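**Student:** Just dropping this structure here.
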Amino acid sequence: MITMIVIALALGAVVVFYLAARSRSRQSHQPILPVDVQALRTLMDRDDELFLQERLPYSRFRRLKRRRIRVTMSYVGRVASNASLVMRLSASTRLMADPEAAAIAVQVTEMATQIRMQCLVALGKLAVEFAMPSLQLTPAVLAPRYQALREQVLRLGALEMQNIAPAAVSI
Amino acid sequence: MSIAAGINGLWLASLALDGFLLAVLIVKGMWKTFPWFTAYCAWDFLETVVFYFLAGHPGYLSLYPIAESISILLGLAIVYEIFNHLLSMHSALRRLAKMVFRGAVILLLLLAGAVVYIHLPFNFADVRMALMSMEEAARVLEVGLLLFLFIFSSTFGLHWRQHEFGIALGLGILAVAKLTAVTVVQYALSAVGMINLAFLIAIDLSFLLWTSYLLVPERVVSGAVVPDRTQLEQWNEAIMELIHQ
């Protein structure tokens, strides 16, 4: 039994190494994905959900909520992907000579890391809500945080035009 | 070509590749950035030279456990070195990462303990088998930690720089090859020649990988790949439609 676990560990490691190598080569072509923060806020609005829950029969509400969760998940996935890209871009800006740009880059990296963590938590909670639509677990802090990150990336883009500017425009 | 000749050739090739890798680390000044990795390569070079001349000698078996223990400890130090490099830019993640890392170490130590336990009591008349069981347990820890490193970085979307990625990947291939070899050989002693041959191929492959990753310059990170504006609008329209359905 233990030998089987050890062999499975070795095989699993080979698969993970292969996937990591493949994803690293793809990462260099990873685009910034557009996110409509207003739409994300609407999707995460609990009042809206409560209104629907009160007015609609449960089966219809469940169907609607699951559809809403699917859309929210794709939005959160985009936020997570953008946060990861911003982490990468700002990490290279941190080493710049301009102290103001370097300081903002540190803040941007921290914010992006926190957003990435929140996205993981949000995706987990959304998955639970998908299984049990009557639950309300999703935190509403992701949209304002992402908005704050956007503003910081814009500031950084204004200071360091070549590297961050395209991301600042489209995030 | 016989298996023995193949093993001999691959052994010598690994020595040459290791020497070249050491030269690259020293000439490019990378030993300052990766001191543990440099120590590992230097130790491996010394170990290969000594064992090449000691092959078949009775002193081989008494030196092997000491040399392998140092090699395993240096391997674990490399994992920690890479882990620190990876998190150097993400202080927000450091606390969580260290907590998860400790958890992973405890879990893997339990698995390693289980590996030793199933081989008990050791028959010290057959020192080789006892050593293999111990090495299997240590390699479980090494492979597991590398696996943790890759999964953790992909979960949090951390970016690997070229050199760190190459070192981790090469070490991963080497650790998996060693783990597979020590696990399989206990059940297939008759195929030890073939296992050694495959294992040496993995070693040479790791050295080639390390050297190429250290020699090829890092690709410049670019944020210039941005989506088309019309794509963005289409996406937003689709979402708004879906919301207001």
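**Student:** Determine which single condition A:VAL121 fails, assuming it passes every other condition in (1) among the hydrophobic types (A, V, I, L, M, F, W, C); (2) surrounded by 13 or more Cβ atoms within 10 Å (Cβ to Cβ); (3) farther than 23 Å from B:PHE156 by Cβ.
**Tutor:** Going through the list (1) among the hydrophobic types (A, V, I, L, M, F, W, C); (2) surrounded by 13 or more Cβ atoms within 10 Å (Cβ to Cβ); (3) farther than 23 Å from B:PHE156 by Cβ, A:VAL121 breaks only (3).
**Student:** So which residues in region A:70-100 are part of a helix (DSSP H, G or I), surrounded by fewer than 21 Cβ atoms within 10 Å (Cβ to Cβ) and either modelled with pLDDT of 80 or more or more than 12 Å from chain B (Cβ to nearest Cβ) (or both)?
**Tutor:** The answer is A:ARG70, A:VAL71, A:MET73, A:SER74, A:GLY77, A:ARG78, A:SER81, A:PRO99, A:GLU100.
Conditions (1) part of a helix (DSSP H, G or I); (2) touching a His at 6+ places or on another chain (Cβ under 8 Å); (3) not polar (S, T, N, Q), marked per residue:
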| position | (1), (2), (3) |
| --- | --- |
| A:TYR18 | yes, no, yes |
| A:ARG22 | yes, no, yes |
| A:ILE32 | no, no, yes |
| A:VAL35 | no, no, yes |
| A:PHE51 | yes, no, yes |
| A:SER59 | yes, no, no |
| A:ARG63 | yes, no, yes |
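Residues are listed down the side, and each one gets a yes or a no for (1) at pLDDT below 90; (2) in contact with a strand residue (DSSP E or B) (Cβ under 7 Å, 6 or more places away or on another chain); (3) surrounded by 14 or more Cβ atoms within 10 Å (Cβ to Cβ):
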site: B:GLY157; (1), (2), (3): yes, no, yes
site: B:GLN162; (1), (2), (3): yes, no, yes
site: B:GLY170; (1), (2), (3): no, no, yes
site: B:ALA188; (1), (2), (3): yes, no, no
site: B:LEU208; (1), (2), (3): no, no, yes
site: B:GLU218; (1), (2), (3): yes, no, no
site: B:ASP228; (1), (2), (3): yes, no, no
site: B:GLU241; (1), (2), (3): yes, no, no
site: B:HIS244; (1), (2), (3): yes, no, no
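**Student:** Follow-up. For residues that are over 26 Å from B:PHE83 (Cβ atoms) and β-branched (Val, Ile, Thr), scanning just region B:29-65, find the one that is surrounded by the most Cβ atoms within 10 Å (Cβ to Cβ).
**Tutor:** B:THR48
**Student:** Still on this structure, I have one more. Kindly indicate whether B:ALA67 is within 27 Å of B:SER206 (Cβ to Cβ) and either part of a helix (DSSP H, G or I) or not acidic (Asp, Glu) (or both).
**Tutor:** Taking the combined requirement at face value, the residue satisfies it.
**Student:** Here are the criteria: (1) surrounded by 18 or more Cβ atoms within 10 Å (Cβ to Cβ); (2) among the hydroxyl-bearing types (Ser, Thr, Tyr); (3) more than 11 Å from chain A (Cβ to nearest Cβ). Tell me which single one B:THR183 does not satisfy.
**Tutor:** All conditions are met except number (3).
**Student:** B:ILE82 - would you say it is in a helix (DSSP H, G or I) and more than 14 Å from chain A (Cβ to nearest Cβ)?
**Tutor:** Spelling it out, it is not the case that B:ILE82 is in a helix (DSSP H, G or I) and more than 14 Å from chain A (Cβ to nearest Cβ).
**Student:** Quick one: what pairs do we get from region B:152-167, first residue of a type in the set (Lys, Arg), second surrounded by fewer than 21 Cβ atoms within 10 Å (Cβ to Cβ) and outside any loop (DSSP other than H, G, I, E, B), C-beta under 6 Å, 6+ apart or different chains?
**Tutor:** none
**Student:** If the Cβ limit is 6 Å and pairs must be 6+ apart or interchain, which residue in region A:39-55 that is facing chain B (nearest Cβ under 10 Å) pairs with which residue that is polar (S, T, N, Q)?
**Tutor:** The qualifying pairs are A:LEU43/A:THR72.
**Student:** Still on this structure, please answer the following. Got a sec? Which of A:VAL14, A:VAL106, A:VAL121 is more than 27 Å from B:LEU146 (Cβ to Cβ) and either of a type in the set (Val, Ile, Thr) or more than 19 Å from the chain's Cα centre (by Cα) (or both)?
**Tutor:** That would be A:VAL106, the only listed residue that is more than 27 Å from B:LEU146 (Cβ to Cβ) and either of a type in the set (Val, Ile, Thr) or more than 19 Å from the chain's Cα centre (by Cα) (or both).
**Student:** Identify all residues within region B:25-64 that are at pLDDT below 90, more than 20 Å from B:LEU12 (Cβ to Cβ), in a helix (DSSP H, G or I) and not hydrophobic (A, V, I, L, M, F, W, C); write none if there are none.
**Tutor:** Scanning region B:25-64 gives B:GLY59, B:SER62.
**Student:** Residue by residue through region B:52-80, note down the ones that are within 26 Å of B:SER212 (Cα to Cα) and either of a type in the set (A, V, I, L, M, F, W, C) or free of Cβ contacts under 8 Å to residues at least 24 places away in the same chain (or both).
**Tutor:** Within region B:52-80, B:ILE70, B:ILE72, B:LEU73, B:LEU74, B:LEU76, B:ALA77, B:ILE78, B:VAL79 qualify.
**Student:** Quick one: in region B:156-165, which of the residues that are within 10 Å of another protein chain (Cβ to nearest Cβ) and in a helix (DSSP H, G or I) is farthest from B:ILE78 (Cα to Cα)?
**Tutor:** B:GLN162
The values are calculated or read from the model by the stated rules, or taken from the named source; none is laboratory data. Predicted model, so just to flag it, every value in this text is computed and none were measured. As a convention, Cβ positions derive from the backbone with ideal geometry for all residues, glycine included, and neighbour counts pool all protein chains shown.
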